[in-house]
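What follows is a set of notes on a single structure, which appears directly below.
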Amino acid sequence: ASTEIKMVMHGNPFPSIVTTESNGRLGNQLSAYAALQYFQEVHGMYGVMGSWQINMLADVFGKENLKVTTFNVDVPPQFSLNWEMVASPSQSVWELNSNFLDNMEEYRHNKFINIGLYPHYLFLYKDILDQLRDHLVFKPHVTNLVNNGFEKIRSENKNEKEMMFVGVHCRLTDYGNHLKAVSGASLVDHHYFDRAFDIYRARYNNATTQVVFLVMSDDPQWIKENLGKYEDVRFGINFRKGMVTEMDMIAFDLCLLGSCNHSIITYGTFGTWGALFAGGDVIAPTGTNPGAKTEDDLIWEKAAMDGWLYLDVRDVNNIQEVTYTPPVPPTNSSTRIVQKDA
């Protein structure tokens with residue numbers, strides 16, 4: 001149900017209300033929700049979203065566990081309500097203003113705050129990922145379908161090794177146009193996945209453990225033609241065919257990725273959230289624009305996530321490994337790149 005916020009002019013301070021007009025699909029709404037929850041949990045503000053945003057999340061997770069609510073604001077007629085915008089687009093991403101970040105105490109009360117159109121502030125909400133995973137719970141029937149898929153793969157295992165599942169999100173089709181327009185970047189090809197697969201095999205294949213790659217994509221034909229040559233690759237579409245309704249397709253895909261042990265992602269918020277739900281090692285591409293940082297580069301570099309490895313794909317015949325680590329002492333504004341030979 002909506003929460004009605006009324007301004008009562010009796011002089012007492014109220015927790016600042018923080019919102020976003022994020023208008024994207026599920027991955028964008030998850031990022032918006034996570035950012036609002038961060039300000040609510042860490043700084044005592046009150047996060048609110050529009051009903052259509054909440055409904056998109058509720059279709060996947062159910063409304064009962066969500067900690068950010070919908071809202072209606074009722075103010076006395078002699079007052080007007082002004083949302084203070086504390087973010088602005090910088091390059092291809094939205095950035096919070098330094099005045100807001102550096103003076104958070106001044107913003108904790110008596111303000112109505114808009115944190116931007118695309119609040120992909122992973123560098124902040126990475127600190128509350130455990131709490132987010134606790135209450136962003138997939139609907140039981142979707143979880144059961146995903147578990148059935150895992151059990152089917154395990155039942156086909158003839159060597160009795162423990163299976164280590166790596167979720168692979170391969171975004172293709174229309175996203176190439178978006179990448180080119182927003183970041184001047186190009187889609188990765190099979191060389192990226194070949195290298196990422198080899199890294200995970202070297203890390204985890206042993207006498208008792210077998211890596212299995214579970215690949216999800218909006219272009220099933222491409223992944224089967226380019227990745228189907230490997231015996232340790234399975235395709236998520238095979239486990240939802242005839243089992244998952246159209247309404248649950250997105251939830252199933254995200255739940256499958258998020259239920260794996262580790263992740264390989266390409267670009268965009270959907271794959272990123274699959275990796276965040278999974279919580280293990282992550283491999284992601286960089287260098288998709290040889291001359292500049294992309295939207296994802298900027299978000300991931302600033303967050304400097306533990307256990308994330310980036311593959312520089314500018315030269316597909318000599319892919320380099322890159323890691324981002326926070327400077328010492330840590331700040332929100334920069335990272336340094338540590339590069340090592342392949």
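What follows is calculated from the coordinates using simple rules that are stated; it is not laboratory data. As the structure is a prediction and not an experimental result, all values here were calculated from the model. FYI the Cβ positions are ideal-geometry reconstructions off the backbone, even for glycines, and counts take in every protein chain you see.
Label positions at residue 221 and residue 292, each projected 7 Å from the Cα along the C-beta direction, are separated by 3.3 nm.
The Kirkwood hydrodynamic radius of the range 161-318, based on inverse pair distances between different Cα atoms, is 16.0 Å.
Backbone phi angles across the range 302-311, fed through the Karplus curve with coefficients 6.51, -1.76 and 1.60 (θ = phi - 60°), yield HN-Hα couplings of 5, 6, 6, 6, 5, x, 9, 10, 10, 10 Hz in residue order; Gly and Pro are listed as x.
Based on DSSP H segments of at least four residues, each scored -39500 (n - 2.57), the chain has a per-residue ellipticity at 222 nm of -11000 deg cm²/dmol. Could you tell me which of rounded, prolate or oblate describes the range 205-289, using a ≥ b ≥ c as the square roots of the eigenvalues of the alpha-carbon gyration tensor, with rounded for a/c under 1.5 and, failing that, prolate when a/b is larger than b/c and oblate otherwise? Verdict is rounded for the range 205-289.
Quick check: convex hull over the Cα atoms of the range 112-204, volume per residue in Å³, rounded to an integer? Walk me through the intermediate numbers first.
Values: hull volume 20.2 nm³, N = 93.
Taking the convex hull of the Cα positions in the range 112-204, it is 218 Å³ per residue.
Would you mind calculating the gained length between residue 72 and residue 128 on full extension (0.36 nm times residue separation, minus the Cα-Cα distance), in nm to one decimal?
Gain in length upon complete extension: 17.5 nm.
Computed packing ranks the peptides 128-140, 190-202, 153-165 as 190-202, 128-140, 153-165, most packed first, by mean other Cβ atoms within 10 Å.
Could you order peptides 293-306, 169-182 by the average number of other Cβ atoms within 10 Å of their residues, highest first? Don't jump to the answer; show the numbers that get you there.
On the way: 293-306: 20.8, 169-182: 15.9.
Ranked from most to least packed, the peptides come out as 293-306, 169-182.
Each residue, residue 88 and residue 208, gets one label point 7 Å from its Cα in the Cβ direction; the gap between the two is 5.7 nm. Toward the positive end of the charge dipole of the chain, with +1 on the Cβ of Lys and Arg and -1 on the Cβ of Asp and Glu, the farthest Cα among 39, 62, 119 is that of 62.
Shape of the range 42-94 from its Cα gyration tensor (a ≥ b ≥ c, root eigenvalues): rounded if a/c is under 1.5, otherwise prolate when a/b > b/c, or oblate? Cα axes put the range 42-94 in the oblate bin.
Kirkwood radius for the range 167-213, taken over all pairs of different Cα atoms as the inverse mean of 1/r, rounds to 12.6 Å. Once the Cα-Cα distance is subtracted from the 0.36 nm per residue extended length, the residue 161 to residue 143 segment shows a gain of 4.1 nm. Each of residue 246 and residue 59 was given a label point 7 Å from its Cα along the Cα-to-Cβ line. The distance between the two points is 1.2 nm. The Rg/Rh ratio of the chain, with Rg taken over Cα atoms and Rh as the Kirkwood radius over Cα pairs, comes to 0.99.
Centre-to-centre separation between the Cα atoms of the range 53-98 and those of the range 214-269: 31 Å.
Calculate, in nm to one decimal, what residue 181 and residue 108 gain on full extension: separation in residues at 0.36 nm each, minus their alpha carbon distance.
Details: separation 73, 0.36 × 73 = 26.28 nm, distance 3.69 nm.
This chain segment gains 22.6 nm when fully extended.
Here the range 62-137 is treated as a sphere whose radius is the Kirkwood value from Cα pairs; by Stokes-Einstein at 20 °C and 1.002 mPa s it diffuses with a coefficient of 142 µm²/s.
Straight-line cross-link reach from residue 152 at under 17 Å between alpha-carbon atoms covers these aspartates and glutamates, not counting any fewer than eight positions away in the same chain: 160, 162, 231, 232, 253. P(r) for the range 246-319: what percent of alpha-carbon pairs falls in each 10 Å bin, starting at zero? Binned Cα distances yield the sequence 19, 47, 27, 7, 0.
Strictly over 28 Å apart at the Cα level, which of 180/302; 158/224; 241/293; 67/161; 161/224 would you flag in this model?
Values: 180/302 22 Å; 158/224 23 Å; 241/293 38 Å; 67/161 40 Å; 161/224 25 Å.
Pairs exceeding 28 Å: 241/293; 67/161.
For residue 264, the residues 5 or more places off, or on other chains, whose built amide H falls under 5 Å of its own are 167, 168, 169, 283.
Report, in debye and to the nearest 20, how large the dipole of the range 167-245 comes out about its Cα centre when Lys and Arg carry +1 and Asp and Glu carry -1 on their Cβ.
Values: 10 positive and 9 negative charges, 39 e Å.
That gives the range 167-245 a dipole magnitude of about 180 debye.
In terms of its Cα atoms, the range 1-149 spans 57, 36, 24 Å along the principal axes, sorted from long to short. Under the convention that each Lys and Arg Cβ holds +1 and each Asp and Glu Cβ holds -1, the size of the dipole of the chain around its Cα centre is about 360 debye. Projecting the Cα atoms of 239, 261, 216 onto the dipole axis of the range 185-275, where Lys and Arg carry +1 and Asp and Glu carry -1 at the beta carbon, places 261 farthest toward the positive end. When +1 charges are put on Lys and Arg Cβ atoms and -1 charges on Asp and Glu Cβ atoms, the dipole computed for the range 202-269 relative to its Cα centre reaches about 220 debye.
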